[in-house]
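Below: the structure, in C-alpha cells.
The values are calculated or read from the model by the stated rules, or taken from the named source; none is laboratory data. Note that the structure is a prediction, hence the values are computed from the model and not measured. Note that we place each Cβ from the backbone using ideal geometry, even for glycine, and neighbour counts take in every protein chain shown. When the accessible area is computed, the model is the full protein with side chains, heavy atoms only, and any ligands, DNA or RNA have been set aside. Shrake-Rupley method; radii C 1.70, N 1.55, O 1.52, S 1.80 Å.
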Amino acid sequence: IKETNQGISFSTKIYDKETNFSLNLYGIYFVRNIVLAIKIAEIYHIKYENIVKAINGFQPIDGRFKVLKNTTNNITVIDDTYNSCFESIISGLETSNKMPSKRKIAILGTIGSGPNGKDDTSIVHEQVGEYFKNLDFDYLYLMGNYTKHIFKGASEYFQQHNIKRFKNKESLLQEIIKVIDDDDLIYIKDAGLQNFEEIIYELKNKYDLI
C-alpha cells in the first residue's frame, strides 16, 4: 500500500488474480474496507470486471472523509462530519496531517465516545487535544460541549491566537473565512451534534469546492 499526494495505490488479489488500484482516496482504512468488499463479492460470484469497475468508481459519501477541493486556489476541505469517536478523530487527524498543504486548520466539535467505547467524556476530549503534539496543525477551532477539554489538552501546541472556542456556527464560520488562504487544508470533524455540515455547505458555495 502506498500513500501519495493523489491518494492510495495498492495491489490485492481478486479470484487469485493480482490486481492494481490507484484511487483518489485518503486513509488506509479505505483499503481494509475495499478488501473486505472484494471477498464478499467473491462469495456471491460477482464478475471480476464488475468488481474492478465498482472499486475504480467508488467515491466517499458526504461526511465520511470526503475530500473537497478548489483547484484555482488549491484549498482543500475534508468533510468528516458524519460522526465522531476517539478512534475516528485520531485517524482523520493523522490522515489529514500527511496531506500536502501550506497550513492546516482543524475544526472539531464534541466527540461521541472514547477509546474502545469508554465514555469518560472530559478525559477523552483532553486526550484528543494532547494528541496534537504529534501533528503539524497550525489552527484549532472548537465548538460544542466538552471542547474546553480539547482546548486544555491542545493549548500548549498552538500559538495563543491560533486556538479558539466559539459559541455558535456563525462566529466560527466568520473566523474560518477570515483565516483561510490559498493552499490551506481544513479538516472538519463532528459527532453530528453541532451540525457542522452547514459549515461545509457554506464553504462549498463560497470557494466552489467539488
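The calculated FRET efficiency for the pair Lys133 and Asn74, based on their C-beta separation and a Förster distance of 41 Å, comes to about 0.90. Springs join every pair of Cα atoms under 10 Å in this Gaussian network model of the chain, and among Ile188, Ile163, Ile61 the largest mean-square fluctuation is at Ile61. Note on surface exposure: Arg64, Arg32 rank Arg32, Arg64 by accessible area, highest first, 1.4 Å probe.
The antiparallel fraction among DSSP beta bridges confined to the chain stands at about 45%. The shape of region 5-82 comes out prolate: with a ≥ b ≥ c from the C-alpha gyration tensor, a/c is at least 1.5 and a/b beats b/c. Across the alpha-carbon set of the chain, the Rg to Rh ratio works out to 1.01, Rh being the Kirkwood radius. Report the chymotrypsin sites (Phe, Trp or Tyr not before Pro) located in region 19-76 that are in a DSSP loop and have at most 13 other Cβ atoms inside 10 Å of their Cβ, or state none. Listed in order of number, the matching sites are Tyr44. Given +1 at the Cβ of Lys and Arg, -1 at the Cβ of Asp and Glu and no other charges, the dipole of the chain around its Cα centre is 200 debye to the nearest 20. Within a straight-line Cα-Cα reach of under 16 Å, Lys169 can be paired with the following aspartates and glutamates, leaving aside sequence neighbours fewer than 8 residues apart in one chain: Asp79, Asp190, Glu197, Glu198, Glu202.
Hey, in the GNM for the chain with a 10 angstrom Cα cutoff, which one of Gly144, Gly153, Gly57 fluctuates hardest? Looking only at Gly144, Gly153, Gly57, the largest GNM fluctuation is found for Gly57. Charged neighbours of Lys164, selected by a Cβ distance under 12 Å, balance to +3 (K, R count +1; D, E count -1). When you filter the trypsin sites (Lys or Arg not before Pro) in region 138-172 for DSSP loop state and at most 13 other Cβ atoms inside 10 Å of their Cβ, you are left with Lys167.
What is the sum of charges around Lys189, taking Lys and Arg as +1, Asp and Glu as -1, for the other residues whose C-beta is under 14 Å from the C-beta of Lys189?
Values: positive: Arg64, Lys66, Lys104; negative: Asp62, Asp79, Asp80, Glu87, Glu94, Asp190, Glu197.
Charge balance in the 14 Å sphere: -4.
Angle of helix 29-43 to the longest C-alpha principal axis of the chain, folded into 0 to 90 degrees and rounded to 10: 30°. Other residues within the sphere of radius under 14 Å centred on the Cβ of Gly7, judged by their own Cβ, net out at +3 (K and R +1, D and E -1).
Going by Cα centres, region 95-110 and region 189-210 are how many Å apart? Rounded to whole Å, the Cα centres lie 15 Å apart.
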